[in-house]
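Asker: Structure incoming, see below.
The values are calculated or read from the model by the stated rules, or taken from the named source; none is laboratory data. It should be emphasised that the depicted structure is a prediction, and the values quoted were computed from it without experimental measurement. Cβ sites come from the backbone with ideal geometry, for glycine too, and all protein chains shown count toward neighbours.
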Amino acid sequence: MSKLSKLQKLYDKIPNIDCKGLCHASCSIVPAAKIEIKRARGRMGGKNPFNPLRAVFHFQETGKIGSCAALKDKRCSIYQARPAICRLYGVAQGLECPFGCQPERQLSKQEAHDLIREIEAL
């Protein structure tokens, strides 16, 4: 089984959420596994939207965390290739949606942590 197939199987463990599309202000530079960065770069013309150095420089210049480079017109331009942390937003304990969107089921912190570890290992 390919790494991308394994990645998709892990993503499939993340519950769906009835998203209202109001969380764009929460889209910041996030950590992502190497395989996720590679997928995102393919959608971003080679640019890494999860570049931590960009985040550090932006914070030093503005005192604020920068928004994700994949965010365009308040929407994720790489939605199908978004990393696990974005997929977990609203569905994992501790990452509840502030706008009331409800997942089909909520993942525990441990379940979310285990998924992230498995994805990082790919």
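Asker: Only one of these is at pLDDT below 95 and among the hydroxyl-bearing types (Ser, Thr, Tyr): Tyr79, Tyr89. Name it. Full working, then the answer.
Answerer: Numbers: Tyr89 fails: at pLDDT below 95.
Only one candidate passes the filter, namely Tyr79.
So that you can scan it fast, the table gives a plain yes or no per residue for (1) surrounded by fewer than 16 Cβ atoms within 10 Å (Cβ to Cβ); (2) within 14 Å of Tyr11 (Cα to Cα); (3) without any contact (Cβ under 8 Å) to a residue 40 or more places away in the chain:
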residue	(1), (2), (3)
Pro49	no, no, yes
Phe59	yes, no, yes
Thr62	yes, no, yes
Gly66	no, no, yes
Leu71	no, no, no
Tyr79	yes, yes, yes
Glu96	yes, no, yes
Gln106	no, no, no
Gln110	yes, no, yes
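Asker: How about segment 38-96: which of its residues are closer than 29 Å to Glu111 by Cβ, assigned to a helix (DSSP H, G or I) and basic (Lys, Arg)?
Answerer: Residues satisfying the conditions are Lys38, Arg39, Arg41, Arg43, Arg87.
Asker: On to the next question. Pick from segment 14-31 the residues that are in a loop (DSSP other than H, G, I, E, B) and touching a Phe, Trp or Tyr at 6+ places or on another chain (Cβ under 8 Å): which of them is nearest to Glu104 (Cα to Cα)?
Answerer: Across segment 14-31, the extreme among qualifying residues is Lys20.
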